[in-house]
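Visitor: Below you'll find the structure I mean.
The values are calculated or read from the model by the stated rules, or taken from the named source; none is laboratory data. None of these values were measured; they are calculated from a predicted model. As a convention, Cβ positions derive from the backbone with ideal geometry for all residues, glycine included, and neighbour counts pool all protein chains shown. Ligands, DNA and RNA are stripped out before the accessible areas are found, and what is left, the full protein with its side chains, is counted by its heavy atoms. Shrake-Rupley method; radii C 1.70, N 1.55, O 1.52, S 1.80 Å.
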Amino acid sequence: MAEEEDTRIRILQSLRGKICEGKNLGPCSGPNRQRDLCTFCTISLDQEEVFRTKVFDKSLSPFYGEDFYFEIPRPFQCLSFYVFAKGVFQRDLPVGKVSIRKEELCKFSGKEHWFGLQPVDPNSEVQGKVHLEMRLNELIIENGSMCQQLLVRIIECQGLPLISGQNCDPYATVSLPSSVTRPNSYTKKSNFPVEEEDIEKLEIKVDLWNNGNLAQDVFLGETRVSVKILRNDHIHRAWYLLQPKGNGKSKTDDLGSLRLNVTYIEDNVLPSACYTPLRTLLLKSPDIKPISASAAHILGDICRERYEAVLPVVRLLLHHSRLVPFVSAITVLELENTQEANTIFRGNSLATRCIDDMMKIVGRSYLTVTLKPVLDEICESNKTCEIDPIKLKEGDNVEVNKENLQGYVQKVFSSITQSSSSCPPLMCDVFRSLRHMASKRFPDDPHVQYSAVSSFVFLRFFAVAVLSPHTFQLRPHHPDLEVSRTLTLISKTIQTLGSWGSLSKNKLVCMDVSYQPLQHAYQSSLVYISQSTFKLTVPISSQYLFCFREIQKRAQGRKRIGKRNFKKRWLRVTNRELSYHKHRGKEALCIIPVKDIRAVEKLYESAFNRKNMFQVLHSEKPLYVQAGNCVEASEWVEVLSQVSRCNPDRLGTFHPSAYVAGAWLCCRSLSDSQPGCKPCTPTLLANLQLDIDCDRETERIFSLLTSSYSKLQKMEDACASIAVYQGPPREQDDYSLFTIQDPKETFHTVRQITHILEELQREHDTRSGTAQYGSQ
């Protein structure tokens, strides 16, 4: 079994993007036209909702501005964006939808597009697939003649939707719609007499329905198969995707449009050993002289216009503790090309992009501890801070608004300057290196050591997080227009305070604070976070929230399976405890210390006949939880595994099913204390508590290099030309974007990359039939 696992490809999917805005939502005319729609958007994988925006008040052209990112833990057929009108005394009403089939997502990847809304028809809302077996047998009928007998067997279905949060109760009907003149409805039979001349005209139609018992049955999808497929093969067995009724064709009305930015990534990850040559070459990058001849720098050079190209390199180097020397080396190269101290680190270079990504990965908890309390206060208090006379509303008092803004800016600035002790050690190491190199490059400028650090800490880290707190998970949704304007004014002021050259009395007119204390706080914080001896982390007494969502919880210790055993609860996890509550904000019904968690694992669907189940194993009875959807289930397991990964008493095995009626459903063991029958998911005890899949990151780098192969060839040609002619190449326009300090060394690295890409492509081609969905 282990050898089989070593040869498989893992298919890992992710989705990121933005729901930007809507335009002219709702029917354009008629009785259904509403002028004051309160709308929100949802994202669904097939029919499973995985994301929801906040409600936007009374606008037919709302600006949602909601960023999203999530890992997709299962196969899917269709990605859909729904627009709903918020109901006051009734259920939410669908306005329209945008549906994109999985195979078409690549057409829209990475760019904004306007999509027209289509009507939401229950008969078109389908997902899943059905496994059919069809055969033709010869049959002697009553008059002694021969005819064909068609047999249809429905073997199984997969991927059917949840109905009211529960697994559906499906049944199928089979019919033979055709153009023949004889009666063609056989929905209650499984055997059909078929005339020879009818085979070309007949098709098998299979409809899937959910048995609604006392309610109306729900259509789940249909599939049609031509009977002529059996002419050459009298037995046919295959999987078929369920389709909308009548192929989903319906009369469309002008329901408005939605502007979306969607990027779908599918990584086909090979076994780890396949990536060893490329990974080794990349990890040697900090040691290559000159740094421009290293594999990591070459990737940044040929993928300069692709911002996402830097992130997998940063994550790979970060995991192997090679990021700081690489950043130091490329920073030296950038400083050599910087002529004035006041323009230091202001461009969008490889060095600044690496440090940006590093801060977003490493500094997430730092941002939460520093900014979340004050940002929550700003977003929930709704004080007006507009000071632009052109944008003031009737009745606004500019002096009151200025006081509000001053108060907010002082709180944010104080939170930042007093948070130095929470800065992650790796960020401190990078900032110390920046201070040293900037002072060495501009020895006559005493302020450059501060501006080198503040250009990242204030301008690229804190100011950006204040401007877009939802992007950094500091707020659940994009703020409304008035709060967004307040955050913009605060962010601009923080940027001004973070620019050392702009710290003058003239630039601080909106701040009712003396210059000297502000200057002292600014300098002290920058010096403190860039000290080489500073290695403190967030105090253990600090408690901050990771996740708080509504779930279904099974009563602990129950021996039987039933709907009454599951109740709605609010599950809350911090860095110190896991708790569940009857209502949000109410006292906890149960608290489980994080230090007592021994394992967090997903459950088989058959355990309780429910999807998206996971279990928390601790010193008491297991806690069984049903998440809202597949994405939330994976996120709960990840965050709980992260906070408990260093616990000393973690289990090595677990039961992936329940203990019911005196036996474990998974292994049939009779003892409820029997050790688990399946190994627990391994956890990485990495510093910084980063869960980085190095094989996946290396696969992304392979994909980036492969897609930029033509530029790699041009760089190779440029190196050869420069080395031969000892001068710039003739086709200077083609080569001007490349940084080639040592053509021979660069040529050697490019050749190594090319050879590795060819080998990896052969591995992909060889193993293309052994893919499996899901993470390790």
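Visitor: State which residue is surrounded by the fewest Cβ atoms within 10 Å (Cβ to Cβ) when the search covers only segment 619-634 and only residues that are under 27 Å from the mean Cα position of the chain (by Cα) and over 17 Å from Arg569 (Cα atoms).
Guide: Applying the filter and picking the extreme gives Cys630.
Visitor: Could you please let me know if Gly116 is surrounded by fewer than 17 Cβ atoms within 10 Å (Cβ to Cβ) and either assigned by the TED database to the domain that holds Leu474 or farther than 27 Å from Phe472 by Cβ (or both)?
Guide: Details: surrounded by fewer than 17 Cβ atoms within 10 Å (Cβ to Cβ): yes; either assigned by the TED database to the domain that holds Leu474 or farther than 27 Å from Phe472 by Cβ (or both): yes.
Yes, satisfied.
Visitor: Separate question: Among the candidates Val324, Val314, single out the residue that is open to solvent by 20 Å² or more (accessible area, probe 1.4 Å) and of a type in the set (A, V, I, L, M).
Guide: On the way: Val314 fails: open to solvent by 20 Å² or more (accessible area, probe 1.4 Å).
Within the list Val324, Val314, the selection yields Val324.
Visitor: Condition first: open to solvent by 50 Å² or more (accessible area, probe 1.4 Å) and in contact with a Leu (Cβ under 8 Å, 6 or more places away or on another chain). Now tell me which residues in segment 152-169 satisfy that.
Guide: Arg153, Ile154, Ile155
Visitor: With the requirement that a residue be modelled with pLDDT under 80 and either open to solvent by 60 Å² or more (accessible area, probe 1.4 Å) or not assigned by the TED database to the domain that holds Ile163 (or both), what does segment 208-246 give you?
Guide: Hits for segment 208-246 are Asn213, Leu214, Ala215, Arg231, Asn232, Asp233, His234, Gly246.
Visitor: Somewhere in segment 668-688, is a residue within 30 Å of His297 (Cα to Cα), free of Cβ contacts under 8 Å to residues at least 60 places away in the same chain and open to solvent by less than 50 Å² (accessible area, probe 1.4 Å)?
Guide: no
Visitor: Right, here's the next one. Please work out if Phe115 is out of contact with any Phe, Trp or Tyr (no Cβ under 8 Å at 6 or more places or on another chain) and at pLDDT 85 or above. Outline the logic, then answer.
Guide: Numbers: out of contact with any Phe, Trp or Tyr (no Cβ under 8 Å at 6 or more places or on another chain): no; at pLDDT 85 or above: yes.
Judged against the criteria, Phe115 is not a match.
Visitor: Then there's this: So Val639 ticks every box in (1) among the aliphatic types (A, V, I, L, M); (2) within 18 Å of Phe566 (Cα to Cα); (3) surrounded by fewer than 20 Cβ atoms within 10 Å (Cβ to Cβ) but one. Which box is left unticked?
Guide: (2)
Visitor: Given the conditions (1) surrounded by 16 or more Cβ atoms within 10 Å (Cβ to Cβ); (2) at pLDDT 90 or above, which single one is not true for Ser14?
Guide: If we test Ser14 against (1) surrounded by 16 or more Cβ atoms within 10 Å (Cβ to Cβ); (2) at pLDDT 90 or above, just (1) comes out false.
Visitor: Looking only at segment 337-375, how many residues end up being at positive phi and among the aliphatic types (A, V, I, L, M)?
Guide: Result for segment 337-375: 0.
Visitor: Ok, one more. Could you tell me which numbered condition Arg101 fails, if it satisfies all but one of (1) farther than 25 Å from Thr471 by Cα; (2) open to solvent by less than 30 Å² (accessible area, probe 1.4 Å)?
Guide: Failed condition: (2).
Visitor: Could you grab me the full set of residues in segment 576-597 that are surrounded by 18 or more Cβ atoms within 10 Å (Cβ to Cβ) and part of a loop (DSSP other than H, G, I, E, B)?
Guide: Ile597
Visitor: Run down Leu571, Leu545 and say which single residue is at pLDDT 85 or above, among the hydrophobic types (A, V, I, L, M, F, W, C) and within 28 Å of the chain's Cα centre (by Cα). Please lay out each step first, then the result.
Guide: Details: Leu545 fails: at pLDDT 85 or above.
Unique residue meeting the criteria: Leu571.
Visitor: Right, something else. Which of the residues belonging to segment 275-297 are buried (at least 22 other Cβ atoms within 10 Å of the Cβ) and under 27 Å from the mean Cα position of the chain (by Cα)?
Guide: Tyr275, Leu278, Leu282, Ala296, His297
Visitor: List the pairs whose first member sits in segment 346-367 and is without any contact (Cβ under 8 Å) to a residue 24 or more places away in the chain, whose second member is assigned to a helix (DSSP H, G or I), and whose Cβ atoms are under 6 Å apart, counting only residues at least 6 apart or on separate chains?
Guide: Qualifying pairs under 6 Å: Ser349/Glu334.
Visitor: Can you give me the number of residues within segment 453-485 that are among the charged types (D, E, K, R) and surrounded by fewer than 18 Cβ atoms within 10 Å (Cβ to Cβ)?
Guide: Total meeting the criteria: 3.
Visitor: While we're on this one: Out of all the residues in segment 603-617, is one or more free of Cβ contacts under 8 Å to residues at least 24 places away in the same chain, open to solvent by less than 10 Å² (accessible area, probe 1.4 Å), of a type in the set (A, V, I, L, M) and not in a helix (DSSP H, G or I)?
Guide: yes
Visitor: Now for a separate question. Please work out which one of (1) open to solvent by 10 Å² or more (accessible area, probe 1.4 Å); (2) within 22 Å of Thr384 (Cβ to Cβ); (3) in contact with a helix residue (DSSP H, G or I) (Cβ under 6 Å, 6 or more places away or on another chain); (4) modelled with pLDDT of 80 or more is the condition Asp512 fails and give its number.
Guide: (4)
Visitor: Something else: Can you pull out every residue in segment 340-392 that is among the β-branched types (Val, Ile, Thr) and out of contact with any helix residue (DSSP H, G or I) (no Cβ under 8 Å at 6 or more places or on another chain)?
Guide: Within segment 340-392, Thr343, Thr368, Ile390 qualify.
Visitor: Of the conditions (1) at pLDDT below 85; (2) surrounded by fewer than 20 Cβ atoms within 10 Å (Cβ to Cβ), Leu37 satisfies every one except a single condition; which number is it?
Guide: (2)
Visitor: Hey, can you tell me all the residues within segment 432-448 that are touching a helix residue (DSSP H, G or I) at 6+ places or on another chain (Cβ under 6 Å), farther than 17 Å from Leu497 by Cβ and either not small (Gly, Ala, Ser) or not in a helix (DSSP H, G or I) (or both)?
Guide: Within segment 432-448, Leu434, Arg435, Met437, Arg441, Phe442, Asp445, Val448 meet the criteria.
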